[in-house]
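Shown next, in structure tokens, is the structure this report addresses.
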Amino acid sequence: MSQDQTAFDLLVVGGGVAGITTAIEAAEAGLTVALVEKEASLGGRVSRFHHYFPKLCPPSCGLEINFRRLRSNTNVKVFTLASIEKIEGDAPSIQATVKIKPRYTKPVSFDYTAWAESCPVEFEDDFNYGMNSRKGVFYPWENAYPPQWMVDERAIGNAEFEEWAKSDPAGGIDLTQAEETVVLTAKSVAWATGWKPYDPTNLTELGFGSSPDILTNVMFERLSAPNGPTGGKLEAPSGKEVKRIAFVQCAGSRDENHLPFCSGVCCAASLKQATYVRDKLPEADIHMFYIDVRTPGRLEDFYQDRQEDEKINLHRGKVAKVETVGDGLQVTAENTLTGDLEQVTVDLVVLATGMQPTAAVEKLPFNANLDENGFFIQDDEASAHYGVGTAVRPSGVAETLQDATGAAIKALQMARRS
Ligand SMILES: Cc1cc2nc3c(=O)[nH]c(=O)nc-3n(C[C@H](O)[C@H](O)[C@H](O)COP(=O)(O)OP(=O)(O)OC[C@H]3O[C@@H](n4cnc5c(N)ncnc54)[C@H](O)[C@@H]3O)c2cc1C
């Protein structure tokens, strides 16, 4: 690392698999790198999965290796709870003003689990997409990087909480911490800002919000995960026993009124989630409604295996409506070849919503070259700002990692040019 702790060869914005990989590959090739992540921990969306394909292993299996590489590489400086406020200047001296939120804790090696249980305030748990609440003092997730407890900012100013916090048994809580601003300089910037699940409340006909048992695919990942809101027990949020479950493909995708593109991974994600159901509720019937199943490359085998499973019923049909009928959820679909209507009543519905680039929903602090859907356009070889991973196109982890290696090469070129 250079003597100047604010001057870097590369600034990476976003600490999901794309950003982490870009940072580590560039650092291992000798560049100094600042990695800026707005959440409390690195890992992005993948850290919230139960398992991920193709190996169907938990997120820790891929992320932990990269966290180890990060820990042992002094070329990378990681900023979490950090967001870019302003970008000024051009290569080779781009200045980024970074705002860093307080964590309200110091790094102490103490397990606060038992003490945190007595915390008098709780807030909606955004890691679990609001499906449960969590205490005002919490650990982001078990493999969190950095591995540090934190205080929910919504607890600050609550007199009861602040009084309780004085009983801190290890001296790690520090409610005096304040927001900081640092200015970093870099020779180029890799925007690895990733994706967000398409907002299901836009899909009124699919009933999201009308029943607690209509979920999105990302919520279903949390519902299935052992560190999720139910401890991994697959149950309907209403408490109802799940005997039948429907996966609604292309919920808002390939639709001019919503996301006109195909996210490319949702079919494989639902087939993966069908395996969670098979493991946890072997008697449950699974219905998957699709326009056509898209499982490119090696994922085709995965699809074929699922087709042979007698509990998985694949229905060709675009779902027109999901509604509560009696004590079930009725799914109405129109066969896209014959035009026939089909209805199935289930206990739980999972909407396979697509991946919308974050830049489409959250304005970036510079005039980025984006397409009409908010993905980065990479047509200027000389540009010192470039997208990486799902900020450029929807993709699975394997393609995202390849893209990140390409971005690290680009960063090397930009650093050498200066
Ligand atoms: C339901 C579902 C299941 C999936 N399952 C699989 C699977 O099993 N296997 C597989 O290979 N792929 C799967 N995928 C795809 C996978 O999620 C993506 O490939 C992966 O998340 C891409 O990583 P990323 O780093 O590009 O984006 P992200 O994971 O979105 O990470 C982006 C990071 O950038 C941060 N960020 C955003 N904006 C800013 C900012 N302005 N400043 C600082 N930080 C910022 C975010 O907080 C986040 O940490 C699935 C997708 C869906 C929809």
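Pull up region 1-46, narrow it to residues that are near the ligand (Cβ under 7 Å from one of its atoms) and assigned to a helix (DSSP H, G or I), then point me to the one that is surrounded by the most Cβ atoms within 10 Å (Cβ to Cβ). Only one residue fits best here, namely ALA18.
Taking the conditions (1) within 9 Å of the ligand (Cβ to nearest atom); (2) surrounded by 19 or more Cβ atoms within 10 Å (Cβ to Cβ); (3) of a type in the set (A, V, I, L, M, F, W, C) in turn, LEU56 satisfies each one other than (2). Go through region 319-340 residue by residue and tally those that are assigned to a strand (DSSP E or B) and within 32 Å of the chain's Cα centre (by Cα). Of the residues in that region, 13 qualify.
For region 78-108, filtered to residues that are within 14 Å of PHE8 (Cα to Cα) and of a type in the set (S, T, N, Q), the residue that is nearest to the ligand (Cβ to nearest atom) is THR97.
Between GLY136, GLY130, the distinction of being surrounded by 15 or more Cβ atoms within 10 Å (Cβ to Cβ), without any contact (Cβ under 8 Å) to a residue 60 or more places away in the chain and in the same structural domain as GLU162 (by TED's automatic domain parsing) belongs to GLY136 only. For region 159-183, enumerate the residues that are in contact with a Phe, Trp or Tyr (Cβ under 9 Å, 6 or more places away or on another chain) and without any contact (Cβ under 8 Å) to a residue 40 or more places away in the chain. Correct list: ALA165, THR176.
Only one of the numbered conditions (1) modelled with pLDDT under 95; (2) of a type outside the set (A, V, I, L, M, F, W, C); (3) not in a loop (DSSP other than H, G, I, E, B) is violated by SER109, and that is (3).
If you take the residues in region 352-376 that are within 11 Å of the ligand (Cβ to nearest atom) and assigned to a helix (DSSP H, G or I), which one is surrounded by the fewest Cβ atoms within 10 Å (Cβ to Cβ)? Among those residues, the one meeting the criterion is VAL361. Criterion applied to LYS187, LYS272 was being among the basic types (Lys, Arg) and more than 11 Å from the ligand (Cβ to nearest atom), and the one residue passing it is LYS187.
Considering only residues of region 377-401 that are away from the ligand (no atom under 11 Å from the Cβ) and within 19 Å of VAL17 (Cα to Cα), which is nearest to the chain's Cα centre (by Cα)? Out of the qualifying residues, it is TYR386.
Filtered by the rule that a residue be touching a residue at least 24 places away in the same chain (Cβ under 8 Å) and exposed (fewer than 15 other Cβ atoms within 10 Å of the Cβ), region 109-122 gives PHE110, THR113, SER118, PRO120.
When the residues of region 46-67 are filtered to those that are among the aliphatic types (A, V, I, L, M) and in contact (Cβ under 8 Å) with a residue 40 or more places away in the chain, which remaining residue is farthest from PHE302 (Cα to Cα)?
Among those residues, the one meeting the criterion is LEU63.
The lone criterion from (1) without any contact (Cβ under 8 Å) to a residue 40 or more places away in the chain; (2) in contact with a strand residue (DSSP E or B) (Cβ under 9 Å, 6 or more places away or on another chain); (3) assigned to a loop (DSSP other than H, G, I, E, B) left unmet by GLN343 is number (3). Selection of region 223-251 for residues being at positive phi and among the hydrophobic types (A, V, I, L, M, F, W, C) yields only CYS250. Summed over region 191-228, the residues that are more than 9 Å from the ligand (Cβ to nearest atom), among the hydrophobic types (A, V, I, L, M, F, W, C) and over 15 Å from the mean Cα position of the chain (by Cα) give a count of 5.
Here ALA411, ALA320, ALA404, ALA391 are screened, and the one residue that is assigned by TED's automatic domain parsing to the domain that holds VAL265, modelled with pLDDT of 95 or more and not β-branched (Val, Ile, Thr) is ALA320. Restricting the search to region 305-340, which residues are farther than 17 Å from LEU215 by Cβ, without any contact (Cβ under 8 Å) to a residue 24 or more places away in the chain and away from the ligand (no atom under 16 Å from the Cβ)? Hits for region 305-340 are GLN307, GLU308, GLU310, VAL325, GLY326, THR332, GLU334, ASN335, LEU337, THR338, GLY339, ASP340. Taking region 115-142 as the range and being part of a loop (DSSP other than H, G, I, E, B) and out of contact with any Asp or Glu (no Cβ under 6 Å at 6 or more places or on another chain) as the test, the residues that pass are GLU117, SER118, CYS119, VAL121, ASP125, TYR129, MET131, TYR139, PRO140, TRP141, GLU142.
The values are calculated or read from the model by the stated rules, or taken from the named source; none is laboratory data. Everything numeric in this text was worked out from a predicted model, so none of it was measured. All Cβ positions, even for glycine, are placed from backbone atoms using ideal geometry, and neighbour counts span all protein chains on display.
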